[in-house]
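Remarks on the structure that follows.
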Amino acid sequence: MDKHSTILEGWLADIDGVRWGQILIADDLIAAVGPSLGKPDRAFPESCLIFAGMGDIHIHAREDVTGQHNYKETFNTASAAALHGGVVHVADMPNNPAAPIDDASYAAKEALVRQANLPVTFTLYAGIGPGTKPLVGNVPYKAYMGPSVGDLFFTSLEQLDETLAHYRGQNVSFHCEDPLLLDQHKSAATHEARRPPECELSAVRFALAMIEKHQLTGKLCHFSVGEGLPLIREAKRRYNAQGQNRSSIPRLTIEVTPQHVLFDTAQIIAANRPWLQMNPPIRSSADRAAMLEALRDGTADYLATDHAPHSTEEKQQGHSGMPQLDTYGPFVAWLLVEKHFKPERIAELCCANPGRFVAPYQKEKFGRLLPGYVGSLTVLDLAKPVTIRREDLKTKCGWSPFEGMTFPGSVAAVYVRGEFVG
Ligand SMILES: [Zn+2]
């Protein structure tokens, strides 16, 4: 064995089942998986599950060429928070002060990531805003329908339709909130009443029409309204019958966040209100239960966090978004232990599906415990609870909506290209 190889042993959890076995990682890649490959460098106890390295395909690392938002987060601190949460690759959203919307601005942001030279792999979205055109390079896109954080949004859906006509066949993720309906509710009393479910439902219907009309590979971000799930199931049936686009990503997928599964409006009190503010907002207990079931039954495709750090001062002033990367693994353990999710389902939501999403844009393959895939692993210990404490967080913003909460399991180890990183 050369010094760049390592053998790990334990319960191996992938989309096709859980089995006790060993993984040999050599030269950054999984070289072999089997019942007995040699003397293990580390054997994990029975309480642990070894997954392929997990991926969070919706984060805001905040850093760009202006550095204006580096006080919230940087690629470096986002990478540290990701590894702390058991996440080995992320996809970063484009709503930066210097938004990556064309080849030059995208290349400039890519260069920053390259210079940072981090253990976590970043895939970058390019922004779609009024009047933008597709890049020459093959990249995933993000369209903001309504105003959220940043300037990349449309004031009318006609304007978005006209712009999307140029993006035929591309991979486009949608933030679904209807700008006109948001405007109609803008003087309501609370954040959640200013952005009610009908805003998201209307935008979801529009996004589905756009995916159809412009032959997009579409992803709906941070899905939060239970009433919208039948629309998704129906649309998925239709698209799946038509086969897939040029990439292997299904024509329609949706993300669900941990915070829409752990919080509902009945829990909002004056003391936590600013900290739980995000777009789309925290919803009713029925919506919360529906999102959990969507993750379980496969209507949802990704556990994606919308990690959106702001400083504690900004949160008290009413900024939308919350940090989530540090707590990704503990939340997954909660799904497994308390909600009895099958490990195979977790392997789809957190490993294989995110890996498939970034595959067209990365040289390495993520998300399966198979030879040829990158030798990055997330090991969860389902018998070792963790209480979320501010002083343990790696995110630069320095707080979490889960502070004080105890999750029933934790991240036992993370490997990146065969190397133990935490
Ligand atoms: Zn977001």
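The values are calculated or read from the model by the stated rules, or taken from the named source; none is laboratory data. What you are looking at is a predicted structure, and each value in this text was computed from that prediction instead of being measured. Cβ atoms come from the backbone with ideal geometry, glycine included; neighbour counts cover every protein chain shown. When the accessible area is computed, the model is the full protein with side chains, heavy atoms only, and any ligands, DNA or RNA have been set aside. Shrake-Rupley method; radii C 1.70, N 1.55, O 1.52, S 1.80 Å.
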Search result, residues across segment 15-41 that are touching a residue at least 60 places away in the same chain (Cβ under 8 Å) and either open to solvent by less than 10 Å² (accessible area, probe 1.4 Å) or not acidic (D, E) (or both):
I15, G17, V18, I23, I25, A26, L29, I30, A31, A32, V33
Within segment 134-147, can one find any residue that is within 16 Å of the ligand (Cβ to nearest atom) and open to solvent by 40 Å² or more (accessible area, probe 1.4 Å)?
yes
Are there helices (runs of 4 or more DSSP H) fully within segment 310-422 with at least 2 residues that are within 16 Å of I57 (Cβ to Cβ)? List them.
328-337, 353-358
Can you give me the number of residues within segment 65-93 that are open to solvent by less than 10 Å² (accessible area, probe 1.4 Å) and either among the hydrophobic types (A, V, I, L, M, F, W, C) or modelled with pLDDT under 95 (or both)?
9
If a residue must be more than 16 Å from the ligand (Cβ to nearest atom) and in contact with a Pro (Cβ under 9 Å, 6 or more places away or on another chain), how many such residues does segment 254-282 contain?
5
For segment 42-62, enumerate the residues that are crowded, with 24+ Cβ neighbours inside 10 Å and among the acidic types (D, E).
D56
Among the residues of segment 33-90, what is the count of those that are part of a helix (DSSP H, G or I), touching a strand residue (DSSP E or B) at 6+ places or on another chain (Cβ under 6 Å) and more than 16 Å from the ligand (Cβ to nearest atom)?
1
Taking segment 138-197 and the residues there that are hydroxyl-bearing (S, T, Y), modelled with pLDDT under 90 and in a loop (DSSP other than H, G, I, E, B), the one that is nearest to A126 (Cα to Cα) would be S148
Residue pairs qualifying under the 9 Å Cβ cut-off, at least six apart or on distinct chains, with the first in segment 303-318 being touching a residue at least 60 places away in the same chain (Cβ under 8 Å) and under 19 Å from A80 (Cα atoms) and the second being away from the ligand (no atom under 16 Å from the Cβ) and basic (K, R), are P309/K396; S311/K396
Working carefully through the options A352, A347, A383, A359, find the one that is more than 26 Å from M278 (Cβ to Cβ) and in contact with an Asp or Glu (Cβ under 6 Å, 6 or more places away or on another chain).
A347
Being hydrophobic (A, V, I, L, M, F, W, C) and part of a strand (DSSP E or B), is that true of even one residue in segment 276-288?
no
